[in-house]
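A short reminder: the numbers here are calculations on the coordinates, not readings from a lab. Every value quoted in this text rests on a predicted model; they were computed, and no experiment measured them. Note that each Cβ is placed from the backbone with ideal geometry, even for glycine, and that neighbours are counted across all protein chains shown.
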């Protein structure tokens, strides 16, 4: 039977390295799982926004693309200009809701210092912000 190697030997360094590698692998597995959850939730995300008079509802997917526009019974009584403004307001409300959902998703699923979290939030803020600015013109 051989004695354990003395403290500070190469074996201690080797075991510490293995423990460090396993810790990094565990971090990577957790990140992949979180990223998969984010991606799956984004794929399922559908938001809606209503015009202030509730005569128009706009539904968007996670990319901010319009999936549906619904006009209530009150819509035909509106002038074309008022109806156009209602569509724009409903679209803007839906975009703002999309931004809120993405922010909440990133906060819930991704660590605060995670570069992916910052990238996801910044990308949506830039994209949604640009679209909202276009709607306001």
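Residue under question is residue 75, and the condition is that it be under 15 Å from residue 131 (Cα atoms) and surrounded by 13 or more Cβ atoms within 10 Å (Cβ to Cβ); does it hold?
Against the criterion (under 15 Å from residue 131 (Cα atoms) and surrounded by 13 or more Cβ atoms within 10 Å (Cβ to Cβ)), residue 75 does not qualify.
For segment 48-63, how many residues are touching a strand residue (DSSP E or B) at 6+ places or on another chain (Cβ under 9 Å) and either farther than 13 Å from residue 88 by Cβ or in a strand (DSSP E or B) (or both)?
10
Counting just the residues of segment 101-110 that are surrounded by 14 or more Cβ atoms within 10 Å (Cβ to Cβ) and out of contact with any strand residue (DSSP E or B) (no Cβ under 7 Å at 6 or more places or on another chain), which one comes out farthest from residue 42 (Cα to Cα)?
Restricting to residues being surrounded by 14 or more Cβ atoms within 10 Å (Cβ to Cβ) and out of contact with any strand residue (DSSP E or B) (no Cβ under 7 Å at 6 or more places or on another chain), the top hit is 110.
Is it true that some residue in segment 122-136 is assigned to a helix (DSSP H, G or I), under 11 Å from the mean Cα position of the chain (by Cα), crowded, with 17+ Cβ neighbours inside 10 Å and in contact (Cβ under 8 Å) with a residue 40 or more places away in the chain?
no
Could you tell me how many of the residues in segment 95-121 are closer than 14 Å to residue 39 by Cβ and not in a helix (DSSP H, G or I)?
Looking only at that region, the number is 1.
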